[in-house]
Every structure is written in structure tokens, then in C-alpha cells.
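All remarks here apply to the structure that follows.
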Amino acid sequence: MGIDEIIELSPYQAEWKKIYEQEKRKLEPVFAEQAVEFAHIGSTSVEGMTAKPIVDILIGLRELHIDERTDRQLVALQYEGMGEAGVPGRIHYRKRIGQKINLQITEWESDIWRDNLLFRAYLRAHPEQAQAYAQAKRNTLASGINTLLKYSDEKSGTIAELLKKAREWAKS
């Protein structure tokens, strides 16, 4: 299966935090020797935010490398490897059987790691910005854009602007 898929949006679900914690417990033994830190990221990690009902987990590794054993364990947990999926410095896995999960695997403290955590912190600290972002996502879907790649392209400018604001906020 390719990376593109039909997407939908959902109102915030408190269970997303629990799903993250449950999945993290399953993943910790897989990455026991490699992982420095796990983080719940994306819109499902921002309380009250409209999101694709897919829990995003960021995994920071000491060194960005997935060996055959790790890959087999992820496949056994029903994950599908997607390679970089257009983002150099990140390895993407996804689960679409049962609870939908995305794994964003990167080097701990890399730009990808820091940007994801900064973006989350900014949206959590600025609910008005989170709601504006959620509205932009709803508008994109309402315009008829309902596939992942087009949806991601459409909101990339909004994300870039929010990340710029987040960086300015972090400096203050």
C-alpha cells in the first residue's frame, strides 16, 4: 500500500492519550536498546483539537537506524514500514489494523525531534492558534481535499507559519 490514503477529521477524543500510553508500552521493548525518548505528537496530543483520528508517536533514537530484528518486531505489531515518506531524517511506520497509529522515528534531539515538540508545546500554550489550525484543517477537508498527500500539501504553509511563531515564542 502506498502512503496516500483517504483522511477524515474527528473532534478531540480523550482516549487518544490512553491509546498513546498503551502503544508506547508495546513499543518500549522493541526499541529498548535504541530509544532515548517517546513522545505523543500531532493534533491528537493537543487537548481539544480536531484531528485525524490517528495517534502520532515520535520515537527519538540514539542513532537513526532500524535493523532487521526491529523491523520484524514492528511488522509483528501490525506496522507497515513506509521509509522516509518524503521526510529525510525520519523513518515512518504506520498501523492501520485496529487503532490507527503513525510512528515518526528520528534521531533524538534532531531538528525533526525538536520541531515536533516545539510545535506541540506552542499549540498547547496557545489554544487560539490551535483552534485556527483546526479550522484550516476543516476548511481543507470541506474544499474536497480528502487524501493524505494533497491534504498535507494544503496545510504545509499553515504549519510553516505556526512553526515560525513557535520558534519566536520559544526565544521570548
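Details
- Where only alpha carbons of the range 103-142 are counted, the Rg and the Dmax (Å): 12.8, 36
- Charge-dipole axis of the chain as Lys and Arg at +1 and Asp and Glu at -1 on Cβ define it, positive-most pick from Gln131, Thr147, Gln34: Gln131
- For the range 92-172, a/c is not less than 1.5, where a ≥ b ≥ c are the root eigenvalues of the C-alpha gyration tensor, and a/b does not top b/c. That puts it in the oblate class.
- Which of Val75, Val30, Val55, Val46 has the fewest Cβ neighbours within 10 Å, and the rest in rising order: Val75, Val30, Val46, Val55
- Rounded Å value of the spacing that divides the Cα centres of the range 35-71 and the range 82-101: 9
- Calculated [222 nm] ellipticity per residue, helices only, for the chain: -14500 deg cm²/dmol; basis is -39500 (n - 2.57) per DSSP H run with n ≥ 4, divided by all residues, nearest 500.
Each reported figure results from applying straightforward, stated rules to the coordinates on display, with no laboratory input. The structure presented is a predicted model; accordingly, all values stated were derived computationally and were not measured. Ideal geometry is used to build each Cβ from the backbone, glycine not excepted, and the neighbour counts take in all protein chains shown.
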